[in-house]
Amino acid sequence: MNTSTVAIAGNFKLDGEIKEVRPLGEGFINDTFFIETKGVAPDYILQRKNKRIFSPIPDMMDNIQKVCTHIKKKVLAQGGDPLREAMTIIPATDGKLYFLDAEEEYWAVCRFINDTVAYEAAETPELAYAGGKGIGKFQSLVADLKEPLTNILPGFHDIAYRFKQWNEVLAKDPVGRKKEVAEEISWIESRKTEMLDFWQLVENGTIPTRISHNDTKINNILFDKKGDVLCVIDLDTVLSSTVLNDFGDAMRFYTNTGLEDDKNTDNVSMDMAIFKAFSKGYLEETVSFLTPREIEFLAFSARYITYEQVLRFLMDYIDGDNYYKIKYANHNLVRTRAQYKLLLSMEAQYKEMKEFITTYVAGLRN
């Protein structure tokens, strides 16, 4: 038993006695642990929040609590189970939504939702459809949340901000890697204007700002044993931004026929069947409130977010691997090339993507 994490867990208002605390998963950003309790008491998830990425952590936790409280009220009004269909944040013994340890690390706990299924990939159109409904439902549940959220990730998905960082890293070239990735740098530069033009529509309000999740991988959705969406989790990145970020990020993850860090880029492409299935589920939940301009740029958002990820992986590689956790020396460069292959596949199928969304929305509205 890890006495350190057990001691940390003891600073939260848990029901029952702790039996064990053990590591869970391999997240890029946070360190996650499973708290198993004795007897029939609920189990919990403990996380050490990455204060280098999220700042300030107390405001992040306030954001999460606002969203969870709002969703719970909506679920309860609809006759659902708020303990299973929304995350439950467990406060520390002092009433705060986090615990700050002696090393000034921030910890948070949420209730574990049992009897659920999580997937690492949308292997079938049916699962992609369910995931689309899950993200769409999440957006519809928070569409009327008026409480302001603190921006704990300044510049997140803001490509103008990313280009500012990009230019600074290229100018510094701190570990001397820029010369070896001249071709990869050209990938970024050749698409710069198109990406900035899109983001300008967000900045000037042509594309509206709403509450978005911003990390819509399928493993952030819990399903019940029947395969239906139960709950969207991992709300660290909830922000006021365009919901197109959520659609685009989901498409980056769901439709990839290879791995995000696939060393063999021949494995990587965008699966059109998965794209269409996710889009159906998503639009069925969101068509009532999305504007014409949002719908117009849904397909483009997949390219936008994938492009941004190519940029961020490459930028981190040039910068000396300071942001993403890596498993080997050129891991971020492998990620860069795999994501670029996905972007090329999206660009090749872009016309069909747009036509499908336009046709499906027309059918839903008629």
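Tabulated results
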item	result
Shape of the chain, Cα gyration tensor, a/c cut at 1.5	oblate
Ratio Rg/Rh [Cα only; Rh per Kirkwood] for the range 1-126	0.98
Square roots of five times the Cα gyration tensor eigenvalues for the range 273-366, Å	33, 13, 11
14 Å Cα-Cα reach of K38 towards aspartates and glutamates, excluding residues that sit fewer than 8 places from it in its own chain	D15, E17, E20
Whether the range 191-332 is rounded, prolate or oblate, judged on the alpha carbon gyration tensor where a/c under 1.5 counts as rounded	oblate
Computed [θ] at 222 nm, helices only, for the chain once each DSSP H run of length n ≥ 4 contributes -39500 (n - 2.57)	-14500 deg cm²/dmol
Extension reserve of the K73-T265 stretch, reckoned as 0.36 nm per residue once the Cα distance is removed	64.6 nm
Helix runs (DSSP H) in the chain reaching 18 Å along axis by Cα, Kyte-Doolittle at least 0.0	125-142, 272-286, 298-318
Highest-first arrangement of 244-255, 158-169, 131-142, where packing means the average Cβ count within 10 Å	244-255, 131-142, 158-169
Computed label-point distance, nm, for sites E183 and E103 using a 7 Å Cα→Cβ extension	4.1
Sequence-separation-based contact order of the chain, relative, with Cα cut under 8 Å and 6+ spacing, percent	17
Net lengthening on full extension, A160/D81 (0.36 nm per residue, minus Cα-Cα)	24.3 nm
When each of K49/K217; K226/K263; K19/K49; K73/K96; K66/K327; K66/K217 is checked by Cα-Cα distance, pairs over 25 Å	K226/K263; K66/K327
Rule-of-thumb Rg ratio for the range 1-71 [Cα; 2.2 N^0.38 Å; N residues]	1.21
Apportionment of accessible area to carbon and sulfur, the chain, percent (1.4 Å)	50
Most to least packed among 120-129, 337-346, 74-83 [average Cβ atoms within 10 Å]	337-346, 120-129, 74-83
Where labels lie 7 Å past Cα in the beta-carbon direction, separation of A171 and S288 in nm	5.0
Per residue value of the accessible surface for the chain (all protein chains in place, 1.4 Å probe), Å²	44
A41 paired with L201, simple spin-label distance in nm, labels 7 Å along Cα-to-beta-carbon	5.2
Over the range 187-304, relative contact order from alpha-carbon pairs under 8 Å, at least 6 apart, %	25
Alpha carbon centroid spacing (whole Å) that separates the range 161-195 from the range 102-139	33
Full-extension gain in nm, K19 to D94, via 0.36 nm per residue minus C-alpha separation	24.7 nm
Kirkwood Rh in Å, taken over all unlike Cα pairs in the range 159-214	13.2
Packing-based ranking, highest mean first, of 304-310, 14-20, 233-239 given that Cβ atoms within 10 Å are counted	304-310, 233-239, 14-20
Kirkwood-type radius of the range 245-325, with distances r between different C-alpha atoms, in Å	14.1
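The values are calculated or read from the model by the stated rules, or taken from the named source; none is laboratory data. Just so you know, these numbers come straight off a predicted model, no measurement behind them. Counting neighbours? That spans all protein chains shown, and the Cβs are built from the backbone with ideal geometry, glycine included. Protein only, heavy atoms only, side chains kept; ligands, DNA and RNA dropped before computing areas. Shrake-Rupley method; radii C 1.70, N 1.55, O 1.52, S 1.80 Å.
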